[in-house]
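What follows is a set of notes on a single structure, which appears directly below.
Just so you know, all these numbers are worked out from the coordinates, no wet-lab data involved. Since we're looking at a predicted model, the values are computed, not measured. Methodologically, a virtual Cβ is constructed for each residue, glycine included, from the backbone with ideal geometry; neighbour enumeration extends over all protein chains shown.
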Amino acid sequence: MRFFNRAGRKSVLMTTETRDMVVVGGGTSGCFAAATAAQKGLDVTLLERKSEDDGGHIACGDAIKGKSTFPDVIDREYLREESFTNENIRRALFMNPRGENYDIPFKGESGAVVDRKRYGEVLLEEAERVGAEVEFNTVVKDVIQNGRVKGIEAIQNGEPITYEADIVIDAAGSLSLLQDKVDFDGTNYDTNVTYQQFCSAYREVIETPEPVEYDDAIVFKPTEELGYLWYFPRTATEINAGLGFQMNKPPMELVSVLKEDLEEQPEFDGAKVKDKLGAALPTRRPYDSAVAPGFMSVGDAAAHVNPTTGGGIPGAAKAGHWAAEVATEAISDGTLDESALWEYNHRVQTDFGKKFAAMDLYNIFGGAHEVDELTNIVTALPGEMLVDLMGKKGAVSLSFTEKIKAAVVTAFETRGHWSTLREAYQVNQLAAELKSIYNDYPTTPDEFDYWEARRDELMQEVYDVTGAEPKY
Ligand SMILES: Cc1cc2nc3c(=O)[nH]c(=O)nc-3n(C[C@H](O)[C@H](O)[C@H](O)COP(=O)(O)OP(=O)(O)OC[C@H]3O[C@@H](n4cnc5c(N)ncnc54)[C@H](O)[C@@H]3O)c2cc1C
């Protein structure tokens with residue numbers, strides 16, 4: 001097809017390609033979607049706007065749970081050998097600026113810190129090895145739609161190109177451009193998304209002159225605006241240090257706050273910064289629905305991130321994998337409407353979706369209080385009790401309910417904060433209820449309105465208890 005550019009001068013040849021599936025974005029979610037689809041025999045192309053040299057260069061803290069995080073559709077052992085630079089993470093260390101630090105030992109598999117660039121390169125390599133076509137230098141600009149999404153329009157190596165496809169997978173990361181283009185009218189796709197539900201984060205990779213003492217730990221520190229600063233050791237002398245702030249709070253000077261903090265830590269004396277990068281990440285519940293006819297969003301593009309820790313790699317990997325599995329079935333059945341893709345929503349929401357939605361309540365609770373107040377409570381509680389409260393993995397556990405009762409009774413110093421502790425106790429109960437509502441996530445779109453009303457009623461209770469501004 002020939003067409004004229006805006007200046008009306010030069011005509012160029014428009015290429016049109018046809019595939020079963022097109023995946024937009026070559027991060028974790030896109031690579032797992034493309035690898036899964038290729039393994040299932042689909043003709044799939046992954047489109048990434050970066051050059052091949054830059055592929056895999058993504059702002060991240062680089063911390064993951066371990067090899068078991070990933071679906072078994074790529075060579076996980078190869079990924080481990082090539083990119084897991086520290087497989088000896090056995091604890092989370094919480095630095096308390098007001099007093100005692102807290103150490104939370106990990107149960108089971110050790111955590112890992114990866115060389116994120118190499119990790120990303122291996123995922124792209126692996127997607128290609130198992131049969132997906134990977135095209136770099138391809139900036140997707142728009143979708144083609146007519147009753148359903150039927151493909152995308154892009155600029156590839158400077159030339160316009162169209163890919164027609166049965167399914168488009170949106171793996172384009174936070175605040176994905178594709179979602180501004182798709183007409184979601186008449187679908188349940190979650191469009192209740194605002195930038196205040198995101199966090200702005202920045203990290204540096206720093207080489208220290210001497211090994212740090214915490215090369216077996218991921219280290220967290222609270223920052224003034226609700227958020228945290230981290231040191232994650234890629235090796236004993238290469239540290240990923242970063243921080244983030246919630247975008248519903250006043251902006252924070254990320255670079256200078258990190259710089260000030262590093263200057264206070266003796267281990268960073270004479271250290272060299274090897275890489276700097278920032279990005280936005282969702283700190284909200286997963287999208288209520290991430291499917292529309294011919295279209296599925298995965299990973300950051302559908303907020304598949306733990307909203308309290310910012311950990312998004314496991315959710316991205318699983319979501320990409322599940323979306324491709326469901327899409328493969330829909331394509332083979334020849335039905336590409338919302339109902340045919342709905343099973344993907346169900347898998348997400350009844351798996352990590354319910355956990356992340358529940359964790360989000362602690363964000364809402366935390367956001368309604370001053371960080372100073374929360375730090376004072378933490379400081380007032382005896383160390384062992386706090387470790388217990390946090391659960392062994394550093395996440396608030398369900399048995400928190402009983403434990404917080406004990407804390408209220410026994411921690412004399414917390415008297416001044418009883419009302420806040422009581423609120424925390426109520427929020428924790430509501431989080432448990434919310435999980436059970438997510439267990440009932442509907443199996444078809446027809447029941448979605450009823451489910452949503454039930455969930456929103458509980459959210460109203462959360463806002464009433466905490467006094468927080470409604471987040472959704
Ligand atoms: C500073 C920071 C620290 C983090 N730390 C951790 C951590 O320690 N552990 C953890 O588990 N998670 C962490 N996360 C979250 C994690 O990085 C993300 O959740 C995860 O990378 C999401 O993967 P994704 O594939 O969905 O998106 P991304 O990794 O963002 O990939 C999206 C891809 O799409 C491409 N793209 C975007 N738009 C287009 C377009 N129009 N056309 C073509 N290509 C496009 C981008 O170039 C990119 O390659 C962190 C995030 C940040 C920002």
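Quick notes on this one:
- In loop segments of segment 192-243 as defined by DSSP, there are no chymotrypsin sites (Phe, Trp or Tyr not before Pro) with at most 13 further C-beta atoms inside 10 Å of their C-beta.
- Whole-angstrom gap from segment 269-296 to segment 424-472, using each part's C-alpha centre: 24
- Computed [θ] at 222 nm, deg cm²/dmol, the chain (DSSP H ≥ 4; -39,500 (n - 2.57); rounded to nearest 500): -11000 deg cm²/dmol
- Entry note, the chain: relative contact order of 17 percent, from Cα contacts under 8 Å with a spacing of 6+ residues.
- Looking at segment 1-160, the DSSP beta bridges with both ends there are about 75 percent antiparallel.
- What you get for the chain, charging only the Cβ of Lys and Arg (+1) and of Asp and Glu (-1), is a dipole of about 180 debye around the Cα centre.
- Remark: spin-label model distance Val139-Thr191 equals 2.6 nm, labels positioned 7 Å along the Cα→Cβ axis.
- Ranked by how many other beta carbons lie within 10 Å on average, peptides 312-324, 136-148, 161-173 from highest: 312-324, 161-173, 136-148
- Beta bridges per DSSP, both residues in the chain: antiparallel share near 70 percent.
- A convex hull fitted around the alpha carbon atoms of the chain yields 150 Å³ per residue.
- If R0 equals 60 Å, the separation of the Cβ atoms of His57 and Ala453 corresponds to a calculated FRET efficiency of about 0.90.
- When each of the peptides 257-264, 178-185, 30-37 is scored by the mean number of other C-beta atoms lying within 10 Å of its residues, the order from highest to lowest reads 30-37, 178-185, 257-264.
- Ordering of 272-283, 450-461 by burial proxy (mean other Cβ atoms within 10 Å per residue, highest first): 272-283, 450-461
- Between segment 152-185 and segment 239-262, the Cα center-to-center distance that results, in Å: 32
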